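Take a look at the structure below.
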Amino acid sequence: MRIAVVGTGYVGLVTGTCFANSGNTVTCLDINAEKIARLNRGEIPIYEPGLEELVVRNAKAGRLLFTTDTAAAIQAAQVIFLAVGTPPSADGSADLSSLWKVVDSIAQYLDPEAVVVTKSTVPVGSCAGIEARLKERTGRDCRVASNPEFLKEGAAIEDFQKPDRVVVGVRSAAVGEILRSLYKPFLRTEHPFLVMSPESSEMTKYVANSLLATKISFINEVANLCERMEADIDDVRRGIGHDKRIGFAFLFPGVGYGGSCFPKDVQALAAMARDKGVAPRILTAVHETNLAQKQVLGEKIVAHFGGQLAGRRIAVWGLAFKPRTDDIRDAPSLDLLDQLLAGGAQVTVYDPEAMAHVRAIHGDRLTYAAGAMEALDGAECLAIVTEWGDFRHPDFDEMARRLRSPTIFDGRNLYLPAEMRSRGFVYHSIGREAAG
């Protein structure tokens, strides 16, 4: 099948590459000429395990093309996926300005039988809006569908190639069958292909992310309570997780969620509710709880130093919002850095992939270490924000030697308090008793 993917960000690049890898001819379109030039040189603008190999392989085979030429990409395409950003506006609602620009730009080049598919996360009713806009510009009814993505950064290739389900929203059975055929190679293990209306499909994406975000905010609030009640969140989590109605997924306490999906999707769904006269009480609480949770680790550090951070040297491990990505959008690390810098601390940071993005924000206000251990030299404490595998089994003896004071604030509960106490560390985590 001949496919065009508009937008070469995280979703668009993964989508285009995986469809090319299953034998389709895919043209990825973007207005950013520099990005397209880099992709044509085999340079990947994002970090995602396994992506570079697939891009290079399929580009070499002639199945994966990159261009800024709208006419060339759209005229030959049977299916056009829209994968442009929909960032939050000031009121939390999704900003669709980039989406409408794309719809306007492709209208004159659409084949009458082509199917336009929204891969971007868009508010309920967006497919209907695209249909109306395309009819206004082409003078005919155009086929538009919804196909939300459920990719986890750091595992996006596997998620796309082995989805637990594929959701499509269509107006006609014929369009549904086109998309079913396209996804058939990825559904050989009988995972469901779910067909529904575009409105239900659009809602499904927001509800899925908002429910997962709710679990995170809930367990974080419980963890904070555990610290006040002499309970241990690890025990509590095990106690509830074995209930099949609850399960363990997303019940890991920490410093709050970030990234490109959960923060904006919770706010967008709340904005949609308010627009329809429904009070989004749970969604509002989820968002506010998460904002507060991002302050918890910094508050622990401030309390430890008696409210005086000026001149203190502090090391931070982990900047990306989660491991196996370089994405710092809404990352909890940014909140912590703001707290520490505002208090006058001297901060040294290390992350395997995300330091360049943080440097673009903070410049020389931070010190950027060449490695995890180097970040500790002379620091009075270490704060752990991202649970990279590199940090799970460090040389604790070397850590104690490099740190001026063997003190750790663990925002991801990587270690056991009893073990850290036995090693001579002062150890603070989330929802568990302090050690040392």
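The values are calculated or read from the model by the stated rules, or taken from the named source; none is laboratory data. These numbers come from a predicted model, not from an experiment. In this analysis, Cβ positions are derived from the backbone assuming ideal geometry, glycine residues included, and neighbour counts consider all displayed protein chains.
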Problem set entry | Scan of the range 104-130 for residues that are surrounded by fewer than 19 Cβ atoms within 10 Å (Cβ to Cβ), in a helix (DSSP H, G or I) and within 30 Å of the chain's Cα centre (by Cα), ordered by number | Asp104, Ser105, Ala128, Gly129
For this session: Would you point out which residue out of His362, His287 is farther than 24 Å from Phe218 by Cβ and in a helix (DSSP H, G or I)?
Result: His362
For this session: May I ask you to verify whether Ala37 is assigned to a helix (DSSP H, G or I) and over 16 Å from Thr118 (Cα atoms)?
Result: yes
Exercise. Could you list, in sequence order, the residues of the range 141-178 that are over 19 Å from the mean Cα position of the chain (by Cα) and of a type in the set (S, T, N, Q)?
Worked result: Ser146, Ser172
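Residue by residue, here is whether (1) more than 17 Å from Lys119 (Cβ to Cβ); (2) crowded, with 17+ Cβ neighbours inside 10 Å holds:
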residue: Ser146; (1), (2): no, yes
residue: Phe160; (1), (2): no, yes
residue: Asp164; (1), (2): yes, no
residue: Ala173; (1), (2): yes, no
residue: Gly176; (1), (2): no, yes
residue: Lys184; (1), (2): yes, no
residue: Ala213; (1), (2): yes, yes
residue: Ser217; (1), (2): yes, yes
Problem set entry | Residue count, the range 87-103 (criterion: touching a residue at least 60 places away in the same chain (Cβ under 8 Å), surrounded by 17 or more Cβ atoms within 10 Å (Cβ to Cβ) and touching a strand residue (DSSP E or B) at 6+ places or on another chain (Cβ under 9 Å)) | 3
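Run down Ile301, Ile233 and say which single residue is touching a Cys at 6+ places or on another chain (Cβ under 9 Å) and in the same structural domain as Leu376 (by TED's automatic domain parsing). Please lay out each step first, then the result.
Working: Ile233 fails: in the same structural domain as Leu376 (by TED's automatic domain parsing).
So the residue among Ile301, Ile233 that is touching a Cys at 6+ places or on another chain (Cβ under 9 Å) and in the same structural domain as Leu376 (by TED's automatic domain parsing) is Ile301.
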Seminar exercise, completed: Given (1) more than 24 Å from the chain's Cα centre (by Cα); (2) within 21 Å of Glu288 (Cα to Cα); (3) touching a residue at least 12 places away in the same chain (Cβ under 8 Å), Glu230 misses just (2)
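Part of a strand (DSSP E or B) and at pLDDT 95 or above: which single residue out of Ile282, Ile301, Ile314 fits that description?
Details: Ile282 fails: part of a strand (DSSP E or B); Ile301 fails: part of a strand (DSSP E or B).
Result: Ile314 is the single residue among Ile282, Ile301, Ile314 that is part of a strand (DSSP E or B) and at pLDDT 95 or above.
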Problem set entry | Residue among Lys60, Lys35 that alone is surrounded by fewer than 17 Cβ atoms within 10 Å (Cβ to Cβ) and either of a type in the set (Lys, Arg) or without any contact (Cβ under 8 Å) to a residue 40 or more places away in the chain (or both) | Lys60
Exercise. Are any of the residues in the range 343-350 part of a helix (DSSP H, G or I), over 16 Å from the mean Cα position of the chain (by Cα) and small (Gly, Ala, Ser)?
Worked result: no
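Tell me the residue from Val14, Val6 that is on the phi < 0 side of the Ramachandran plot and touching a strand residue (DSSP E or B) at 6+ places or on another chain (Cβ under 7 Å), please.
Answer to the check: Val6.
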Exercise. In the range 365-390, which residues are among the aliphatic types (A, V, I, L, M) and either more than 24 Å from the chain's Cα centre (by Cα) or part of a helix (DSSP H, G or I) (or both)?
Worked result: Leu366, Ala369, Ala370, Met373, Ala375, Leu376, Ala379, Leu382
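Within the range 54-85, work out how many residues are within 22 Å of Ala155 (Cα to Cα) and in a loop (DSSP other than H, G, I, E, B).
Of all residues in the range 54-85, those within 22 Å of Ala155 (Cα to Cα) come to 54-59, 64, 81-85.
Applying the additional criterion that residues be in a loop (DSSP other than H, G, I, E, B) yields 83-85.
Of the residues in that region, 3 qualify.
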Exercise. In the range 239-253, is there at least one residue being in contact with a strand residue (DSSP E or B) (Cβ under 8 Å, 6 or more places away or on another chain) and either surrounded by fewer than 19 Cβ atoms within 10 Å (Cβ to Cβ) or not in a helix (DSSP H, G or I) (or both)?
Worked result: no
Exercise. Could you say which residue among Ala94, Ala59 is of a type outside the set (Lys, Arg), assigned by TED's automatic domain parsing to the domain that holds Leu151 and at pLDDT 95 or above?
Worked result: Ala59
For this session: Could you identify the single residue in Gly371, Gly389, Gly378 that is on the phi > 0 side of the Ramachandran plot and either out of contact with any helix residue (DSSP H, G or I) (no Cβ under 6 Å at 6 or more places or on another chain) or not acidic (Asp, Glu) (or both)?
Result: Gly378
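Determine, yes or no, whether Arg180 is in a loop (DSSP other than H, G, I, E, B) and in the same structural domain as Pro112 (by TED's automatic domain parsing).
Values: in a loop (DSSP other than H, G, I, E, B): no; in the same structural domain as Pro112 (by TED's automatic domain parsing): yes.
Considered against the rule, which asks whether it is in a loop (DSSP other than H, G, I, E, B) and in the same structural domain as Pro112 (by TED's automatic domain parsing), Arg180 comes out as no.
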Exercise. Which one of these does Asp69 not meet: (1) loosely packed, with under 15 Cβ neighbours inside 10 Å; (2) free of Cβ contacts under 8 Å to residues at least 40 places away in the same chain?
Worked result: (2)
